[in-house]
Every structure is written in C-alpha cells, then in structure tokens.
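Read through the structure below, which is laid out as structure tokens, and then see the notes.
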Amino acid sequence: MAKGRKSPKSKEKETDWQERVVQIRRVTKVVKGGKKLSFRAIVVIGNEKGQVGVGVGKASDVIGAVKKGVADGKKHLVDVPLTKSNSIPHPANGTGGGAKIMMRPAAPGTGVIAGGAVRTVLELAGVRNVLAKQLGSGNPLNNARATVNALETLRTFADVAEERGIPIENLYA
C-alpha cells in the first residue's frame, strides 16, 4: 500500500456513534415443526453530544440481531438539550409500557446516579450529572423507552422564551 493512504477499514468507522447492548434474550416461536429459536437484542446508540436512540433487533443469530438493533436505534434518535454542567435543564418524568422514570438535574461532580438501562441511555446521551429512579417495572426495554420519552420532553429556557414570544430575561423574573 502506498505511503500516506488510509486503509479502507479506517474510513468506514469515522463517526463518533457508540453502541451498547443492554440485553440479549433468546426467544422461541412454536411452529408446526417444533420450536423456532431466535435472538432479541436491545441496543442503545448515542454520540455523547445530545443524541440518543433505543433500538430492538431480532434475528436467528446474535450479531444479526445487534446490527438490526443499531439500525432501529438510528431511526429513533432524539435530541437532548444539555446544560453547561452536562446535566438536564429541569426535572422530567417519562413512561414506557409499565415503566416510569423520574429524572432530576444534579450539581457538577455528582455523576450519573441511575440503574440498568436508564444509566446506559443517559451516558450515551452525554448526560454526566443526573439523578434518576426507575419505578414500576424492571424491564430493560420499557425502562430505556421511558428514559427516551423523558428526554424528549426536556426544553431549554431559550426554547420556552421563543415559544412564548418573550425575551429570556423575563423568564427569570
């Protein structure tokens, strides 16, 4: 290979997207001839700069399921407004299936205080200081979807001021 040229593989993955598998589950379908075995993968994809998505993929092998999950996650990306301290602008609640999520902004240096799928979603969204609690369900898929639902509802002061048609200074009064 000539000097100074990049290999084709290095050009392939220049994006800063990260993907994390939350759960891989073996699922079966009972058909006429017996049982059909497949895998379900729950994947969280994010760029740690305010974009995150949750995807689910099913395939007869694990690698195929993860690939499908990543593709599904990219289709369902949400933008997350982050503060200067890499926290969320205000407290938020979200639901997904039977799961409920409660999130509150935290002071710099607190870290991500959350469990399971909620932690993964928040970390890949770029949130560094937050308090979160999952209520109602321990299901990783529903908790991840509830977290994304809560992140969708977040609005910044600038957004609210623009919506109301008033200067930002008037909101602080």
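Structure summary
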quantity: Most mobile listed residue (E19, E163, E123) in the chain, GNM with C-alpha springs under 10 Å; calculated: E163
quantity: Check: the stretch 104-173 dipole with +1 on Lys, Arg Cβ and -1 on Asp, Glu Cβ, in debye; calculated: 360 debye
quantity: Approximate spin-label separation K29-K84, in nm, with each point projected 7 Å along Cα-to-Cβ; calculated: 5.4 nm
quantity: Average projected area [Cα convex hull, the stretch 100-156], square nanometres; calculated: 3.6 nm²
quantity: Per residue accessible area in Å² of the chain, where ligands, DNA and RNA are left out and the probe is 1.4 Å; calculated: 61 Å²
quantity: Apportionment of accessible area to carbon and sulfur, the stretch 53-155, percent (1.4 Å); calculated: 53 percent
quantity: Descending semi-axes in whole angstrom, ellipsoid equivalent of the stretch 70-127, from the Cα gyration tensor; calculated: 20, 15, 11
quantity: Ellipticity estimate at 222 nm from DSSP helix runs (n ≥ 4, -39,500 (n - 2.57)) divided over the chain, nearest 500; calculated: -9000 deg cm²/dmol
quantity: H90, H76, ranked by accessible area, largest first (probe 1.4 Å); calculated: H76, H90
quantity: Neighbourhood charge, 12 Å Cβ-Cβ cut-off, centred on I168 and excluding it, Lys, Arg +1 and Asp, Glu -1; calculated: -3
quantity: Extreme residue, positive dipole direction of the chain, given options V160, S60, L77 (C-beta unit charges); calculated: S60
quantity: Cβ-based net charge around A99, under 13 Å, with every Lys or Arg adding one and every Asp or Glu removing one; calculated: +3
quantity: Where K35, K68 fall by accessible area, highest first, once all protein chains stay in place (1.4 Å); calculated: K35, K68
quantity: Per-residue SASA entry for R25, accessible area with 1.4 Å probe, Å² rounded to 10; calculated: 120 Å²
quantity: Residue-count net charge about K84 - beta-carbon cut-off 15 Å; Lys, Arg +1, Asp, Glu -1; calculated: +2
quantity: Chain lengthening between V62 and D159 when straightened (0.36 nm per residue, less Cα-Cα); calculated: 30.8 nm
quantity: Gaussian network model of the chain, Cα within-10 Å springs - most flexible of V22, V66, V160; calculated: V160
quantity: Two-decimal Rg to Rh for the chain - Kirkwood Rh, Cα set; calculated: 1.09
quantity: Cα-centre dipole for the stretch 49-137 with unit charges at Cβ (Lys and Arg positive, Asp and Glu negative), debye to 20; calculated: 40 debye
quantity: Highest-fluctuation residue, V30, V127, V62 considered, GNM on the chain with Cα pairs under 10 Å; calculated: V30
quantity: Links that overshoot a 18 Å alpha carbon limit, given the list K74/K100; K29/K58; K36/K58; calculated: K74/K100
quantity: Charged-residue dipole, Cβ positions (Lys, Arg, Asp, Glu), the chain about Cα centre, Debye nearest 20; calculated: 1240 debye
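The values are calculated or read from the model by the stated rules, or taken from the named source; none is laboratory data. Every value quoted in this text rests on a predicted model; they were computed, and no experiment measured them. All Cβ positions, glycine included, derive from the backbone under ideal geometry; neighbour counts span all protein chains shown. Remember, those area values only see protein heavy atoms, side chains included, never the ligands or the DNA or RNA. Shrake-Rupley method; radii C 1.70, N 1.55, O 1.52, S 1.80 Å.
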